[in-house]
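Note sheet for the following structure.
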Amino acid sequence: MTKANRLSVNRMSLKQKINSYKKHPFSLLALLLVCAAAAVAVLSLVFLVVYILIKGVPYLSPSLFEPEYNSENVSMLPAIINTLIMMVSALILALPAGIGAAIYLSEYARRGNKFVEAVRITAETLSGIPSIVYGLFGSLFFVLKLKMGLSLISGAATLAIMILPLIMRTTEEALLSIPDTYREASFGLGAGKLRTVFRVILPAAVPGILSGIILAIGRIIGESAALLYTAGTYTKIVSSLSDSSRTLAVHMYVLSNEGLYINETYATAVVLLILVILVNALSDLVAKRLTKGKERN
């Protein structure tokens, strides 16, 4: 198709759209509202990121990344390391339970089961509970009842419960999105239920499962309220799971609450933003690699 033909086709389609909007003015109104909502969302995100960078980047200094924290350097390096350890610990606790529950609900439970519907409604309800409520529960149950104290394991267990509904629901939706033809073809070749789930269904659902994991990681890294009551605010790098720990979000909250290190607080916010972006980008890269490998196979 020549360039002139393309222009004529584009003009015809534009005229058709204009005529369509004249006949249905509410469609034009809906389009304008959608565009306005998208513009507001994008501009709000850009403003937030730019504001944090402008406020925090000038105050980034080598002293903020020293191995030990003190009142002079206000180092965030121990908090960064504690955040990564907390993230891995919470995922180790939450992933097996969340993915296992999703497999049962989508592959083994009978369709239309009232118990399944009750579990789904409960999971969706738990996803909307404020994090401070999880923090109070973790403080009462893990810290006091089980006598774990203010420790990394108490915080990780609390975060695992917090992200469990998210992982379970996203994994279940990913599994349900796989066409039944995959299952029928596997059964037709003589594979059993368990082999079909782990060799056919789960690999096909990996991108959707990883999307849920990425969301869970973002919530773990940015969480502060629940960890104040369960993990504590100790500033050193943890040497065991029973040690009290301060994550990066808690570190930023404590600095802003003291009111003495506002500039360092903005610098911490920059590092927290970069950390979230890096972890999400790495998870997205892994998801794409797995998807490409699955397509080649």
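The values are calculated or read from the model by the stated rules, or taken from the named source; none is laboratory data. This one's a predicted model, so the numbers in the text were calculated from it and none came from an experiment. So basically every Cβ, Gly included, is an ideal-geometry build from the backbone, and we count neighbours across all protein chains shown. In case anyone asks, the SASA skips ligands and DNA or RNA and just uses the protein heavy atoms, side chains included. Shrake-Rupley method; radii C 1.70, N 1.55, O 1.52, S 1.80 Å.
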- Does THR83 satisfy being open to solvent by 20 Å² or more (accessible area, probe 1.4 Å) and among the hydroxyl-bearing types (Ser, Thr, Tyr)? no
- Among the residues of the range 191-218, count how many are open to solvent by less than 20 Å² (accessible area, probe 1.4 Å) and within 16 Å of ASP284 (Cβ to Cβ). 4
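Condition check ((1) in contact with a strand residue (DSSP E or B) (Cβ under 7 Å, 6 or more places away or on another chain); (2) among the β-branched types (Val, Ile, Thr); (3) not in a helix (DSSP H, G or I)) across all residues:
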site: LEU136; (1), (2), (3): no, no, no
site: VAL143; (1), (2), (3): no, yes, no
site: MET148; (1), (2), (3): no, no, yes
site: GLU173; (1), (2), (3): no, no, no
site: THR196; (1), (2), (3): no, yes, no
site: VAL200; (1), (2), (3): no, yes, no
site: PRO207; (1), (2), (3): no, no, no
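Going by the conditions given, is TYR104 modelled with pLDDT of 85 or more, closer than 24 Å to GLY218 by Cα, aromatic (Phe, Trp, Tyr) and in a helix (DSSP H, G or I)?
On the way: modelled with pLDDT of 85 or more: yes; closer than 24 Å to GLY218 by Cα: no; aromatic (Phe, Trp, Tyr): yes; in a helix (DSSP H, G or I): yes.
Against the criterion (modelled with pLDDT of 85 or more, closer than 24 Å to GLY218 by Cα, aromatic (Phe, Trp, Tyr) and in a helix (DSSP H, G or I)), TYR104 does not qualify.
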- Item | Residue that is modelled with the lowest pLDDT [pool: residues in the range 40-67 that are small (Gly, Ala, Ser) and in a helix (DSSP H, G or I)] | SER63
- Task: Assess whether LEU241 counts as being part of a loop (DSSP other than H, G, I, E, B), out of contact with any Gly (no Cβ under 6 Å at 6 or more places or on another chain) and within 30 Å of LEU144 (Cβ to Cβ).
- Result: yes
- If ARG246 satisfies every condition in (1) open to solvent by less than 40 Å² (accessible area, probe 1.4 Å); (2) charged (D, E, K, R); (3) more than 23 Å from ALA157 (Cβ to Cβ) but one, which is the exception? (3)
- Query: Residues GLY138, GLY149, GLY155, GLY128: which one is open to solvent by less than 50 Å² (accessible area, probe 1.4 Å) and at pLDDT below 90?
  - Reply: GLY149
- Taking only pairs six or more apart or across chains, which ones have beta-carbon atoms under 7 Å, a first residue in the range 184-208 that is without any contact (Cβ under 8 Å) to a residue 24 or more places away in the chain and within 18 Å of ALA174 (Cα to Cα), and a second residue that is surrounded by 11 or more Cβ atoms within 10 Å (Cβ to Cβ) and of a type in the set (Phe, Trp, Tyr)? THR196/PHE187; VAL200/TYR182
- From the options ALA267, ALA281, residue that is part of a helix (DSSP H, G or I), crowded, with 19+ Cβ neighbours inside 10 Å and under 23 Å from the mean Cα position of the chain (by Cα): ALA267
- In the range 162-190, residue nearest to the chain's Cα centre (by Cα) [restricted to those that are open to solvent by 40 Å² or more (accessible area, probe 1.4 Å), within 30 Å of GLY218 (Cα to Cα) and among the aliphatic types (A, V, I, L, M)]: LEU166
- Scanning for something surrounded by fewer than 18 Cβ atoms within 10 Å (Cβ to Cβ), at pLDDT 85 or above and over 26 Å from TYR134 (Cα atoms), does the range 254-263 turn up at least one residue? yes
- Please state which of the following conditions ALA118 fails to meet, knowing it meets all the rest: (1) free of Cβ contacts under 8 Å to residues at least 40 places away in the same chain; (2) open to solvent by 90 Å² or more (accessible area, probe 1.4 Å). (2)
- Query: Tally time: how many residues in the range 219-232 are part of a helix (DSSP H, G or I) and open to solvent by less than 30 Å² (accessible area, probe 1.4 Å)?
  - Reply: 5
- Among the residues of the range 71-80, the number that are closer than 21 Å to LEU152 by Cβ and assigned to a loop (DSSP other than H, G, I, E, B) is 2
- Query: Within the set of pairs 6 or more residues apart or between chains, which connect a residue that is without any contact (Cβ under 8 Å) to a residue 60 or more places away in the chain inside the range 225-254 to a residue that is open to solvent by 50 Å² or more (accessible area, probe 1.4 Å) with Cβ atoms less than 6 Å apart?
  - Reply: VAL254/THR233
